[in-house]
Every structure is written in C-alpha cells, then in structure tokens.
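The values are calculated or read from the model by the stated rules, or taken from the named source; none is laboratory data. Predicted, not measured: the structure shown is a model, and the values here were computed from it. Counting neighbours? That spans all protein chains shown, and the Cβs are built from the backbone with ideal geometry, glycine included. SASA here: full protein model, heavy atoms, side chains in, ligands and nucleic acids out. Shrake-Rupley method; radii C 1.70, N 1.55, O 1.52, S 1.80 Å.
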Amino acid sequence: MNELRNVTVITHPLVQHKLTLLRDKNTGTKDFRCLLQELSTLMAYEVTRDLPLDDVEIETPICTTRAKLLSSCKVGVVPILRAGLGMADGIMTLIPTAKMGHIGLFRNPETLKPVSYYCKLPVDAADREIIVVDPMLATGGSACEGIRIVKEHGAKSVRLMCLVSVPEGIRAVNEAHPDVQIYTASVDSHLNDHGYIVPGLGDAGDRLFGTK
Ligand code: PRP
Ligand code: URA
C-alpha cells in the first residue's frame with residue numbers, strides 16, 4: 001500500500017473542536033453552514049502559510065520602514081459545487097482580493113465517478129495560486145477532476161483544501177496530481193459500500209443546503 005504524500009493535517013484545537021460539532025448528526029443546517037464557514041477561515045490560515053510576500057516601503061505615523069505585503073501574489077479560490085460553496089466565503093474573508101471560479105461536479109451514485117456540469121474560472125487562472133475547495137475527499141474522483149480542469153485552464157500552482165478525507169482519496173490525488181498539496185482537518189478511516197466517508201459527516205451538500 002502506497003504511503004500518503006503531500007498531505008497536511010490541521011490539528012489546531014479550534015479546528016478539531018468545530019469539526020466535531022459539524023460531524024454530529026444533530027447539528028442542523030444553520031449551524032452546519034456557520035461552522036463550515038468558520039472552519040474554512042481557520043484552515044485558510046494554514047493553506048496560505050507559504051504564499052510569497054513582497055518587500056515594500058511604507059510610512060507609519062512614526063517613520064518610514066520596510067514591511068511585507070502580498071502585493072504581487074494573486075489567489076484564485078475554486079469551490080467544487082455544491083458543497084465547496086460552503087467553504088469559499090471563509091477564505092474570501094481573509095483574502096478579499098482573490099477571484100473566485102466555480103466547477104460543478106456531482107458523483108454518479110452508482111459508479112461514484114464525477115459528472116461535470118459547470119465551469120467558470122478566472123481568465124488569468126494561469127497566473128494565480130489556485131485553491132480548490134471541497135469539504136469531502138472520498139474516492140478522490142471529484143477532486144482529481146476539479147484539479148484537472150483548473151490545470152487545463154492553465155493553472156500551474158494548485159492546492160486542495162478539504163475538511164474530511166480518507167486514505168483512498170489522498171492516494172488518488174497523489175497519483176493523478178503529485179504536485180498538489182492537500183490540506184485537511186482529518187484523515188478518516190475508510191469508505192463504506194456507498195462511497196461515504198466513515199465516520200465522516202454524511203452528505204455535505206445535503207447537510208449544507210438542507211436538501212434531505
Ligand atoms: C460530494 C463532495 C465532493 C464529492 C466527494 O459532492 O462535496 O464533491 O462528493 O466524493 P468523491 O471524492 O468520491 O468524488 P456530491 O457529488 O455529493 O455533489 P453535491 O456537492 O452537489 O451534493
Ligand atoms: N460526499 C459526501 O458528501 N460525503 C461523503 O462521505 C462522501 C462523499
């Protein structure tokens with residue numbers, strides 16, 4: 001069995017606490033939405049840790065000084081619809097100058113293969129640090145396809161932020177996209193016979209939008 005590569009597990013207590021609340025089946029849609037947004041803001045802190053800074057000169061009220069700015073680093077946030085939408089605003093709060101793209105994918109419930117139905121990306125995706133966001137990395141089919149699509153549009157630097165993952169999904173991304181770093185709050189045990197993460201949190205899209 002291949003070992004897991006390119007994965008950062010975010011163990012911060014606030015992240016782990018909020019993830020536990022989110023997993024609980026008694027957490028309703030309103031709280032689920034709020035927690036997912038808070039979690040994505042907290043995770044974004046780690047996901048963006050290595051963004052390149054520029055040296056600039058500024059004037060404080062006291063003197064002139066050199067300081068750091070993310071002035072030339074351009075970010076693109078790309079949620080995979082639907083559930084990725086629940087994580088997008090949490091990052092945009094921290095990086096308001098980021099542009100957002102959207103990729104629409106759903107899993108065929110029989111084959112578990114991703115079916116693509118929408119794509120709109122920033123025109124300059126090639127020049128941006130792209131963060132693909134989706135709360136669930138299960139078989140990895142959707143993430144691999146989402147990353148393939150952003151690369152097809154020219155993206156050269158792509159990272160994946162997913163709240164809950166399993167080894168199967170991480171290995172799939174490792175194999176298809178060895179250049180992509182994966183950020184997750186948990187590597188869960190395994191997939192069940194229906195391709196759901198165990199213990200997981202259930203169907204993220206349905207819980208986020210209250211569709212079941
Ligand atoms: C969920 C989830 C991921 C995908 C993960 O979306 O948000 O996109 O499943 O599974 P995978 O790793 O096996 O591809 P879903 O297909 O349920 O669509 P939805 O967000 O529109 O409900
Ligand atoms: N998609 C979900 O929403 N949840 C899972 O556990 C697996 C795929």
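Things worth noting here:
- Charge tally around THR41: other residues with Cβ under 12 Å, Lys/Arg +1 each, Asp/Glu -1 each, net -2.
- Couplings 3J(HN,Hα) for segment 184-197, derived from phi with the Karplus relation 6.51 cos²θ - 1.76 cosθ + 1.60 (θ = phi - 60°), are 9, 8, 7, 9, 7, 6, 6, 9, 7, 5, 9, x, 8, 6 Hz, where x marks Gly and Pro.
- Part-to-part distance (alpha-carbon centres) for segment 1-37 and segment 102-181, which is given in Å: 19
- Computed 3J(HN,Hα) for segment 2-15, one whole-Hz value per residue from the Karplus formula 6.51 cos²θ - 1.76 cosθ + 1.60 where θ = phi - 60°, is 5, 6, 7, 10, 6, 10, 10, 9, 8, 9, 3, x, 5, 5, glycine and proline marked x.
- Local charge for VAL164 was computed over the other residues whose Cβ lies under 14 Å away, with Lys and Arg +1 and Asp and Glu -1, and equals -2.
- Rounded, prolate or oblate (a/c below 1.5 giving rounded, otherwise prolate when a/b exceeds b/c) for segment 126-165 by Cα gyration tensor: oblate
- Highest to lowest packing among 48-54, 15-21, scored as the average C-beta count within 10 Å: 15-21, 48-54
- Karplus-derived 3J(HN,Hα), 6.51/-1.76/1.60, for each residue of segment 130-142, Hz, glycine and proline x: 8, 10, 7, 10, 7, x, 10, 10, 9, 5, x, x, 5
- Expressed as a whole percent, the accessible surface of the chain that belongs to carbon and sulfur atoms is 54, based on a 1.4 Å probe.
- Residues with amide H under 5 Å from that of GLU129, placed H, sequence gap 5 or more: LYS74, VAL75, GLY76
- Sequence-distant residues sharing a close amide H with ARG107 (under 5 Å, placed H): VAL115
- Gain upon complete extension [ASN192, LEU21; 0.36 nm per residue less C-alpha separation]: 59.4 nm
- Think of it as helices only: each DSSP H run of n ≥ 4 in the chain is worth -39500 (n - 2.57), and spread over all residues that comes to -10000 deg cm²/dmol at 222 nm.
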